[in-house]
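Since the structure comes first, as structure tokens, the remarks are kept for the end.
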Amino acid sequence: MSPTVGAAEQAELLRQDGNSYFKKDRFGAAIDAYTEAITLCPNVPIYWTNRALCHRKRNEWTRVEEDCKKAIQLDHHSVKAHYMLGLALLQRKEYAEGVRELEKALDLGRGANPKGYMVEEIWQELARAQYLSWEHESTKRSWELQNLKEACEEALKETNLLNHMEGSEDKKEKSNINQLEVLNRVFNKAAEDDIPTEVPDYLCCKITLDIFRDPVITPSGVTYERAVILDHLQKVGKFDPVTRETLYPSQLVSNLAIKEAVRSYLDKHGWAYKMD
């Protein structure tokens, strides 16, 4: 049943009280105000996300998760709910689920306001989570490869001892060295993707030189980071910074090919998520 006009007005006043308490870092009082608003109007998602934000400030991550899930039930497009739910899941080391929620928040945020502060904040948290996940998996892979390499080297030595090769000792030693070199090349190749290098230029913005997050292409064929080129068009002038041709925001088109290339590259080279 819909709340009465009086209840809705009272709930809105309580939300404003909660906001005032929040700005003064009185998170307990803010939670009480938002809780009263929820009691009066439980189907308003912003009351749940506001309370979740207070719980986040107090590191009460279980409650953050609960409130955000309720907010998402009421509004599937709530950027803040998906964002804070992602953070809560990461706190429980649920990396895959947390990253999915952050990616959802990022996509929604870009659609609503590509230059908004939340888009940058969400990206930073997503990059951090992806980097930590890669670091954990990379360490595990490195340890496994090292153990396997040592086992292979030991097996190779035992095989050479068991085989009675004809010829000189020098010949045997040379063969053993060649086999070890081949083994080293195989394991170095296996570890290649986890070694940081330079990100290819075509995956980086011409202005920031950082790897693309939300690439857009201009009519002249130059690709930029969306927020960066929009900022340029607003503050500097309506022209392409590379070609100097006239350019308007409406002419920018998502570069889906580069976006997919970046995703594929990051999936394979998680170290590239690390922010300077």
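The values are calculated or read from the model by the stated rules, or taken from the named source; none is laboratory data. None of these values were measured; they are calculated from a predicted model. Cβ sites come from the backbone with ideal geometry, for glycine too, and all protein chains shown count toward neighbours. To get the accessible areas, we keep the full protein, side chains included, count just its heavy atoms, and leave off ligands, DNA and RNA. Shrake-Rupley method; radii C 1.70, N 1.55, O 1.52, S 1.80 Å.
Quick one: count up the residues across segment 36-53 that are more than 13 Å from Ala71 (Cα to Cα) and open to solvent by 50 Å² or more (accessible area, probe 1.4 Å). Show your work before the answer.
We begin by selecting, within segment 36-53, every residue more than 13 Å from Ala71 (Cα to Cα); these are 36-37, 39-40.
Restricting the remaining residues to those that are open to solvent by 50 Å² or more (accessible area, probe 1.4 Å) gives 36, 39-40.
Result for segment 36-53: 3.
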Review point. What pairs come up if the first residue lies in segment 26-47 and is touching a residue at least 24 places away in the same chain (Cβ under 8 Å), the second is acidic (Asp, Glu), and their beta carbons are under 7 Å apart, counting only those six or more places apart or on different chains?
Key: Pro45/Asp75
Point to revise | Tally of residues being touching a helix residue (DSSP H, G or I) at 6+ places or on another chain (Cβ under 7 Å), surrounded by fewer than 18 Cβ atoms within 10 Å (Cβ to Cβ) and either at pLDDT 85 or above or of a type in the set (Gly, Ala, Ser) (or both) across segment 104-130 | key: 2
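Quick test for you: out of Thr218, Thr208, Thr223, Thr197, pick the one residue that is modelled with pLDDT under 90 and of a type outside the set (D, E, K, R).
Thr197
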Check your understanding: Taking into account only those residues within segment 1-35 that are over 21 Å from Leu87 (Cβ atoms), among the hydrophobic types (A, V, I, L, M, F, W, C) and modelled with pLDDT of 95 or more, which is surrounded by the most Cβ atoms within 10 Å (Cβ to Cβ)?
Key -> Ala33
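Which residues, counting only those in segment 71-87, are in a helix (DSSP H, G or I), open to solvent by 50 Å² or more (accessible area, probe 1.4 Å) and touching a residue at least 24 places away in the same chain (Cβ under 8 Å)? Steps first, answer last, please.
Going residue by residue through segment 71-87, those that are in a helix (DSSP H, G or I) are 71-74, 79-87.
From what's left, open to solvent by 50 Å² or more (accessible area, probe 1.4 Å): 73-74, 80.
Correct list: Leu74, Lys80.
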Review point. Looking at this structure, is Ala7 in contact with a Ser or Thr (Cβ under 9 Å, 6 or more places away or on another chain) and farther than 25 Å from Ala105 by Cα?
Key: no
